[in-house]
1. Please enumerate the residues belonging to segment 386-442 that are surrounded by 22 or more Cβ atoms within 10 Å (Cβ to Cβ) and acidic (Asp, Glu).
2. Go through segment 226-235 and give me each residue that's surrounded by 15 or more Cβ atoms within 10 Å (Cβ to Cβ) and out of contact with any strand residue (DSSP E or B) (no Cβ under 8 Å at 6 or more places or on another chain).
3. Considering only segment 240-262, state which residues are among the charged types (D, E, K, R) and open to solvent by less than 30 Å² (accessible area, probe 1.4 Å).
4. Inside segment 277-286, can you point out the residues that are open to solvent by less than 10 Å² (accessible area, probe 1.4 Å) and either assigned to a helix (DSSP H, G or I) or more than 14 Å from Gly116 (Cα to Cα) (or both)?
5. Residues being outside any loop (DSSP other than H, G, I, E, B), touching a strand residue (DSSP E or B) at 6+ places or on another chain (Cβ under 7 Å) and open to solvent by 10 Å² or more (accessible area, probe 1.4 Å): count how many of those fall in segment 335-351.
6. Could you please let me know if His122 is in contact with a strand residue (DSSP E or B) (Cβ under 6 Å, 6 or more places away or on another chain) and crowded, with 22+ Cβ neighbours inside 10 Å?
7. Residues to consider are Glu125, Glu134; find the one that is under 18 Å from Leu65 (Cα atoms) and of a type in the set (D, E, K, R).
8. For residues in segment 468-485 being open to solvent by 40 Å² or more (accessible area, probe 1.4 Å) and in a loop (DSSP other than H, G, I, E, B), which is farthest from Gly318 (Cα to Cα)?
Amino acid sequence: MAMNRRDFISTAAILAGAGALSSLLPTTPLLARTLTAADASAVNIDQLRPMLLQDAQYRTSRLGLDPRIWNWHRDVAAIAMPANYYEASLADWPAFGSFPRDQNCEVVVVGGGLLGASTALHLAEAGVDVILVEKDNIGSGASGRNGGQMTPGIARWEAETMLEKFSPDEAKRLWRFASVEAMNLVDELRERYGFECDRKYGHITAAIHPGHMGPLVANADARRQLGDTAVKVIGPHELQEEYVRSNIYHGANIDSIGGQVQPLALLRGLIYGFARLGGRVYDSTKVKGIRQDASSAVIETELGAIRASKAVVLGVHGSTEEFISGPSTTVPFFTYVAVTPPLPVDIKELLPSGLPVYDTQLQIDYYREVRDNRLLFGGQGTGNSWSSRDVNNYLLERIRTVFPHLEKPELEYSWGGISDLTLNGATDARKSGDSVPVYMVHGWSGHGVAQTVRIGKAISDDLIERNHDFTMLTRIEHSSIPLGSHFSPVAIPLIKGALGVINTVNPADMVSF
């Protein structure tokens, strides 16, 4: 019996005992100007355009980090906090300065990741007055630390699930939203604001077991039912000859919709666009709480209050439960990524097509080519944060397994990050019924680089009553998780242990964490 990856969380939670517990932009380019916040340093707009370096350059990180996560560099003492590969491969970027005093606006966006930045940018394009606040620095969280792979779907919901949960027309609409529209929007914004983010096209899902080819074929067939012909199924010989020089796979789906991106560069590009439109950004500004009064939502920060007359948007990923009442619908987990030094062989000898790869094993590997002949390689999901030593040993062993002919692989950078998952594997999108509504989206399950950008536009469209895309997302039902984040250190090892037993008994079952 094959178990589709979209169902793995719900099924595993039961086993572990969890059940008991654009058109509005001016046609002429805006002139760059200086955006000045009272009592804060001036930020020159031109300095905000992300600039990719030819290769990464070691430096100390300038991003505030959650104390549960870390960055590692092979040449740095433990007392230092080096920049991760993404930050090290971009030119220095100015800080905005913390929130200076009480202010008013129409919309407050809490969180400076891809969701928050996209929402703020699209609202500003529609002429809405927006303030964006970030508790650390822009890019400190998951948006500046993820694997950079772009795949279609709503978190772990793929085409088959959408056909099961929605009518054919609704499923087709949702799939297009989460695939073509999400990817195209990234390209449109990159072109509109003139920034680079190492965008590349195409993606591989490689079968680690011959029994996994059945689910891959079913996924391709479901996509065709939804009008999507961008995926093709290939066998092991073609895969090894033309795409991945590894003999551990039994075939693959080749997806021309997906791709890859330098995620921190993409995020900075969105913030750059927002600032060009006059948006106000404050980092190092922690929000303590949100309350409603007669005419506005009041966002309390450590340095003052912001009154929003139209809406509040929470783009805070795994910290949403700090601002909402009742049980959480997500569990946080830790993920890890590493980058090699420039390889001693041409990376085309490993990845002839240059396409990024996901595999189908229980604990997935994902990897891709990055600048200067380097290999980015990520994987593992844990309930507690692993040490850099344990992560590096694990990822090096996985690289040796996938590419045994790559002699003595090394790592130059590695880092950890925090993602969050829902029981049903889909993103949780909500809108409160307050007179000044609060929008909230979380539960990305490690799959959401392009979708965060698209959902940010959907929030903007909902607020200005352009369409009902966001309402479509809110119709996905979610189960609450008692204890929320406190459940993660116990639940995730139990879930992975239970799934590991199932996988050992029947390795043909395709269940990916």
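The values are calculated or read from the model by the stated rules, or taken from the named source; none is laboratory data. Keep in mind it's a predicted model, so treat the numbers as computed, not measured. So basically every Cβ, Gly included, is an ideal-geometry build from the backbone, and we count neighbours across all protein chains shown. The protein model used for the area step is the full one, side chains on, heavy atoms only, and it has no ligands, DNA or RNA in it. Shrake-Rupley method; radii C 1.70, N 1.55, O 1.52, S 1.80 Å.
1. Passing the criteria: Asp420, Asp428.
2. Residues of segment 226-235 that are surrounded by 15 or more Cβ atoms within 10 Å (Cβ to Cβ), as a first pass: 226, 228, 230-231, 233-234.
Correct list: Leu226 only.
3. First pass over segment 240-262, keeping only residues among the charged types (D, E, K, R): 241-242, 245, 255.
Passing the criteria: only Asp255.
4. As a first pass, look at segment 277-286 and keep what is open to solvent by less than 10 Å² (accessible area, probe 1.4 Å): 279, 281-283, 285.
Across segment 277-286, the qualifying residue is only Thr285.
5. Residues of segment 335-351 that are outside any loop (DSSP other than H, G, I, E, B), as a first pass: 335-339, 347-349.
Adding the requirement that they be touching a strand residue (DSSP E or B) at 6+ places or on another chain (Cβ under 7 Å) leaves 335-339, 347.
Imposing the further condition that a residue be open to solvent by 10 Å² or more (accessible area, probe 1.4 Å) reduces the set to 335.
Total meeting the criteria: 1.
6. On the way: in contact with a strand residue (DSSP E or B) (Cβ under 6 Å, 6 or more places away or on another chain): no; crowded, with 22+ Cβ neighbours inside 10 Å: yes.
Taking the combined requirement at face value, the residue does not satisfy it.
7. Working: Glu125 fails: under 18 Å from Leu65 (Cα atoms).
Just a single option satisfies the conditions, and that option is Glu134.
8. His468
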